[in-house]
Amino acid sequence: MSDGVPVPGQPSPVPVAPAPPAPPAPPRSTVRALSCPNCGGIVNVRAQGLTVSILCEHCGSTLDATSPELQVIARANHALKQPQIPLGTRGTLNGHVWEVVGYMERTDEDVFWAEYLLFNPYEGYAFLVDDGRRFSLGIMLDQLPKTMFGSLLLLDRRPYSRFGRPYPVRVTFVVGEFYWRIAVGETVTETDFVRPGTMLSCEEYETERTWTRLDMLDWGVAEKAFGIPPRRRNYRYPAPHEPSPYKRQFAEAVVVGLVALFLLGMVSNAGGHEQQIIQLTSRVAFDAAGRNVVIRGIVLPAGRSRVAIEADAGSIDNAWVNVDYTLTNEATQRSVRSYTTVEHYAGNDSNGAWSHGDPRDEVALSSMPGGRYDLSVTLVAHRWNRRGGDSVPTTDEERAFFAHRSRDPGDRIATTGADPGAATAPVTITVKRGGAFGGVSFLAFLMIVAWPVIVLFKHFGFEKRRKAPGYASDD
Amino acid sequence: MIETNCPNCGAPIRFGSNDLPVKVCDYCHSSVLRTGGNLQAIGKVAEVPEDVSPLQLGVRGRDGDRRFELVGRVRWRYADGAWNEWLALFDDGSTGWVGESSGRYMMLRQVAENAIASVLVDQVKSGRLIAVGTPITINGIEYIASDAKQVTCVASEGELPFHAPLGLSAVSVDLMTPDGGCASIQKDTDGEVEIYTGRYTALDGLHVTGLRSFEGWPMPAFAA
């Protein structure tokens, strides 16, 4: 401001030539203290020559910085609240020192946020936008983004998609100095375009249209730069340009999951190809006392392995065989029991031919400790003959089946098959070890896949919240 | 280069370019007009108010591969602020302007009046402002008008192509292209229309040296 005081570094008028060279002037401060014409308080002007409006931090009056004596534009006399980062604070962001020169609060009538005006005499202005959760650094664009098709913009060969519709943004609070005429209540129309991490914001005010690029800062960066407590991480109400934190986690989960699946495959495979240990066929008489077969010396390798026992009474017809297994460790005499029923029924009725039951079944015992085992198999065979009535199914399933068939008036049992009148049924017992871990492997697979799936769902949830209009209010 | 004395106060003054007829005396702020060998003080101009611009007279820089020195400045004001235009004298004797507004810079050079359609020249001459958003083709490149305003001269210093007294008024239309190009159409008090084209640039894009230093602010690496 020209106030009659000689400017340091400039020689005073000398009518004789040549003047001796003046010593280099000490660097001038960018801050100049003036007094508020309304309240008399000290107003520090930090961007002299660029600043247009000053809001006195003591009384709230609006001063015209383009007039030499700071003419009062709007008088006010009330204490102002202080921004969280005080005016005049300097901090380093992206390699440049910035000084806080102005602060304003704005709203789109749904949410409120704060914007700090930052200044550096060599870099010009920047905006530090604080949505209460995270900070973004805004730089005014000196180029116009290209409009692509639809609502897509292109800037520096990167696409930005429009976020919502244009909306009014109103200033609700101002303090400090600004390079434009600012006033509480001033409303601009804003349109946002986003890509993860960056927002292009177009502000239209009367005949002016300005573009700002906002880059989201990492958690804690702005707080550290300007000396305020770090914000707590939370992703409940993401900003429109907030990158999903789950995207990277998902990629990691997929990589880890693939490695785990590969290892699981290797282990399952190493756990062994299924290997037949023994097979024998025994004949059991129908409707007689059961028959017991003992297979000795089944050797299981050290560690845990899977044992599968299959009973195959392939040729039975309208009969069932109850099979009980007891696998006993020779050394410890610990035993594991299991059982199954193999059965087969067939006939003809008004609906045509029917058949029921499976003459072959396998039971699997997983995680058997290594050692020598004896397998005791007890076989009890029954023939089912409705006309005979001397052979009644004993299990619930058999009874239900029998009752159903009995109600059918057209029912007619036809005994077919290889040996309908045979007195005994051949049952083949096959013992196998190793092979797929079955249930255990499947469980492991589910556990491995669960993590990426959970992260993926979190990512979808985040993106849904991010795209929700405005920030959702608390549930 | 001509070294002489101010006809008003006698202080030494220097004309660095033969093509720049006006020099503002550093001591008495007289605007000295040079016509042939004659010097004439044609009035006083206002002293440039103190500001925090990193530029100053004597700053050297480079636009592409062409070197320049800042030799003059005009400060303009409009209803909502003020900005500087620094006259860059290139080594080949040509000139350009470094516009400095709100901490942003543009390098502009004058182009011929026939670079735009004559109807537009006539429109600007007649005083009708060009509406913001109007597309205007200059030398085959399409610009969009981004701002149009009435401006007045606040102050000037150094060597200039014209006398810039306080209150000199002009009409200024700013234009932009999508890729950082910019242009300015100005109508001076005499009704002459001048057209400038150039581009937005950061200070480091001009490879400037000799910037002003400010207490407490590190000199940027590019200017050290």
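The values are calculated or read from the model by the stated rules, or taken from the named source; none is laboratory data. What you are looking at is a predicted structure, and each value in this text was computed from that prediction instead of being measured. Virtual Cβ from ideal backbone geometry, glycine too; neighbours counted across all protein chains shown. Note: areas computed on protein heavy atoms with side chains; ligands, DNA, RNA excluded. Shrake-Rupley method; radii C 1.70, N 1.55, O 1.52, S 1.80 Å.
Tabulated values for the structure
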quantity	calculated
Answer residue from region A:29-87, given it is charged (D, E, K, R), part of a loop (DSSP other than H, G, I, E, B) and within 14 Å of B:E50 (Cα to Cα) and is least open to solvent (accessible area, probe 1.4 Å) among those	A:R46
Which numbered condition B:G133 misses (of (1) within 13 Å of chain A (Cβ to nearest Cβ); (2) assigned to a strand (DSSP E or B); (3) open to solvent by 30 Å² or more (accessible area, probe 1.4 Å))	(2)
Complete set of residues in region A:275-307 that are farther than 26 Å from A:G434 by Cα, modelled with pLDDT of 85 or more and among the aliphatic types (A, V, I, L, M)	A:V284, A:A285
Close pairs (9 angstrom Cβ cut-off, 6 or more residues apart or separate chains): within 8 Å of another protein chain (Cβ to nearest Cβ) in region B:203-224, open to solvent by 40 Å² or more (accessible area, probe 1.4 Å) and part of a helix (DSSP H, G or I) anywhere	B:L203/B:F222; B:P220/B:D204; B:A223/B:D204
Qualifying residues in region A:12-28 (those that are open to solvent by less than 70 Å² (accessible area, probe 1.4 Å) and more than 7 Å from every other protein chain (Cβ to nearest Cβ)) - the one modelled with the lowest pLDDT	A:A19
Single residue of A:V188, A:V175 found to be free of Cβ contacts under 8 Å to residues at least 24 places away in the same chain and touching a Phe, Trp or Tyr at 6+ places or on another chain (Cβ under 6 Å)	A:V188
Residue within region A:308-320 that is at pLDDT below 90, of a type in the set (V, I, T), under 48 Å from the mean Cα position of the chain (by Cα) and closer than 30 Å to A:Q275 by Cβ present	no
Tally, over region A:332-357, of residues that are open to solvent by 80 Å² or more (accessible area, probe 1.4 Å) and modelled with pLDDT under 90	4
Residue list for region A:277-297, restricted to those being open to solvent by 80 Å² or more (accessible area, probe 1.4 Å) and in a strand (DSSP E or B)	A:Q279, A:T281, A:R283, A:R291, A:N292, A:R296
Any hit, region B:31-42, residues being in contact (Cβ under 8 Å) with a residue 40 or more places away in the chain and either surrounded by fewer than 20 Cβ atoms within 10 Å (Cβ to Cβ) or not in a strand (DSSP E or B) (or both)	yes
Options B:L175, B:L168, B:L120, B:L87: the member that is surrounded by 21 or more Cβ atoms within 10 Å (Cβ to Cβ) and away from chain A (no Cβ under 14 Å)	B:L87
A:P196, sole failed condition from (1) touching a residue at least 12 places away in the same chain (Cβ under 8 Å); (2) open to solvent by 10 Å² or more (accessible area, probe 1.4 Å); (3) at positive phi	(3)
Residue ID - nearest to A:R46 (Cα to Cα), chosen from residues in region B:51-73 that are in a strand (DSSP E or B) and either within 12 Å of another protein chain (Cβ to nearest Cβ) or open to solvent by 40 Å² or more (accessible area, probe 1.4 Å) (or both)	B:R73
Qualifying residue in region B:101-112 (condition: farther than 29 Å from B:V208 by Cα and surrounded by fewer than 13 Cβ atoms within 10 Å (Cβ to Cβ))	no
Contacts under 9 angstrom Cβ, first residue in region A:438-453 being outside any helix (DSSP H, G or I) and modelled with pLDDT of 85 or more, partner open to solvent by 40 Å² or more (accessible area, probe 1.4 Å) and among the aromatic types (F, W, Y), 6 or more apart	none
Count of residues meeting criterion [in contact (Cβ under 8 Å) with a residue 24 or more places away in the chain, open to solvent by 20 Å² or more (accessible area, probe 1.4 Å) and within 14 Å of chain B (Cβ to nearest Cβ)] in region A:91-105	3
Complete set of residues in region A:298-322 that are within 30 Å of A:A346 (Cβ to Cβ) and assigned to a strand (DSSP E or B)	A:A308, A:I309, A:E310, A:A311, A:D312, A:A319, A:W320, A:V321, A:N322
Residue among A:S282, A:S244 that alone is of a type outside the set (D, E) and closer than 30 Å to A:N322 by Cα	A:S282
Residue ID - surrounded by the fewest Cβ atoms within 10 Å (Cβ to Cβ), chosen from residues in region A:144-168 that are part of a strand (DSSP E or B) and of a type in the set (S, T, Y)	A:T147
Test: residue in region B:182-195 that is open to solvent by less than 30 Å² (accessible area, probe 1.4 Å), under 26 Å from B:R77 (Cβ atoms), touching a strand residue (DSSP E or B) at 6+ places or on another chain (Cβ under 6 Å) and within 11 Å of chain A (Cβ to nearest Cβ)	yes
